[in-house]
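The values are calculated or read from the model by the stated rules, or taken from the named source; none is laboratory data. Everything numeric here is computed off the predicted structure, so don't read it as measured data. Positions of Cβ are generated from backbone atoms using ideal geometry, with glycine treated the same way; all protein chains shown enter the neighbour counts.
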């Protein structure tokens, strides 16, 4: 259901980007990069905004003609960004939350791998497969 | 949850291994690095479903309560701070030391056993965005005081 999934590290460098359509990859890199600004804004504006200060899920960040972009920040300052098609109106908020929870879970597994070095991009097969399944719309 | 005795045995063996291989008398940096990587990774799992932390004090309080409970089965007994980046965490029955001695015996081996935990705390805080230096001191076994000095720019 998602068209693109990205994991961005603490220093805002991309750790992992995966798209359904390889031709659109550069386009998605740009979109995700733009969405990072909105993420930062939401993270810093939390002192003034009422409620939801403790939430990890950031909700809809940005919406263009063909795509919707959702964001999620972990306590360890890792950002997850999911891009979906605007035409896909059947995607509910709860489903996106579930996708982020699963992403966070697989990400925690990748980090716990003793051979994983925190400064390098993610190249785990299990992570890849979960992301592919998520983009295809399976559980 | 696994039986705590597994961690105690593994930890004791790691300390023995490092002690046998150290070339200089006080080179415990490899123990500290092992603790650092462990802390870094464990915090990712522990904070998975936790709401966002508001500030540094809340992060340190999390270390004292939930983190210590998950790793050692108890909470930190005393937390003091000078509100300028220095925190002192006191554990009166530190699990890695309470089988060695009670009182002032064997104080010289204590650093071998608290270095891993110093690294653990440093790694956890580093992953949460708090860069710091962690030291410890022991005056009475098995009570240990961990000093966390946060690098404030």
Residue in segment A:18-41 that is within 14 Å of chain B (Cβ to nearest Cβ), within 17 Å of residue A:106 (Cβ to Cβ) and touching a residue at least 12 places away in the same chain (Cβ under 8 Å) present: no
Residue check for residue B:45: within 20 Å of residue A:73 (Cα to Cα) and either at pLDDT below 90 or in contact with a strand residue (DSSP E or B) (Cβ under 6 Å, 6 or more places away or on another chain) (or both): yes
Residue that is farthest from the chain's Cα centre (by Cα) [pool: residues in segment A:54-71 that are surrounded by 14 or more Cβ atoms within 10 Å (Cβ to Cβ) and either within 11 Å of chain B (Cβ to nearest Cβ) or free of Cβ contacts under 8 Å to residues at least 24 places away in the same chain (or both)]: A:55
Residue match in segment B:83-92 (condition: farther than 16 Å from residue B:32 by Cβ, part of a loop (DSSP other than H, G, I, E, B), in contact (Cβ under 8 Å) with a residue 40 or more places away in the chain and in contact with a strand residue (DSSP E or B) (Cβ under 6 Å, 6 or more places away or on another chain)): yes
Residue count for segment B:26-56, restricted to those that are over 17 Å from the mean Cα position of the chain (by Cα) and more than 9 Å from chain A (Cβ to nearest Cβ): 4
Residue within segment B:104-126 that is part of a loop (DSSP other than H, G, I, E, B) and touching a helix residue (DSSP H, G or I) at 6+ places or on another chain (Cβ under 6 Å) present: no
Residue list for segment B:127-144, filter: away from every other protein chain (no Cβ under 14 Å), surrounded by 17 or more Cβ atoms within 10 Å (Cβ to Cβ) and either touching a helix residue (DSSP H, G or I) at 6+ places or on another chain (Cβ under 8 Å) or modelled with pLDDT of 90 or more (or both): B:132, B:134, B:136, B:138, B:141, B:144
Selection within segment A:73-99 - within 11 Å of chain B (Cβ to nearest Cβ) and more than 14 Å from residue B:45 (Cβ to Cβ): A:73, A:77
Given (1) within 14 Å of chain A (Cβ to nearest Cβ); (2) loosely packed, with under 14 Cβ neighbours inside 10 Å; (3) under 28 Å from residue B:11 (Cα atoms), number of the condition residue B:80 does not satisfy: (1)
Any hit, segment A:109-121, residues being surrounded by 13 or more Cβ atoms within 10 Å (Cβ to Cβ), away from every other protein chain (no Cβ under 14 Å) and at pLDDT 85 or above: no
Check on residue B:112, more than 14 Å from chain A (Cβ to nearest Cβ), surrounded by fewer than 22 Cβ atoms within 10 Å (Cβ to Cβ) and closer than 18 Å to residue B:28 by Cα: yes
Residue ID - surrounded by the fewest Cβ atoms within 10 Å (Cβ to Cβ), chosen from residues in segment B:55-76 that are assigned to a loop (DSSP other than H, G, I, E, B) and touching a helix residue (DSSP H, G or I) at 6+ places or on another chain (Cβ under 9 Å): B:73
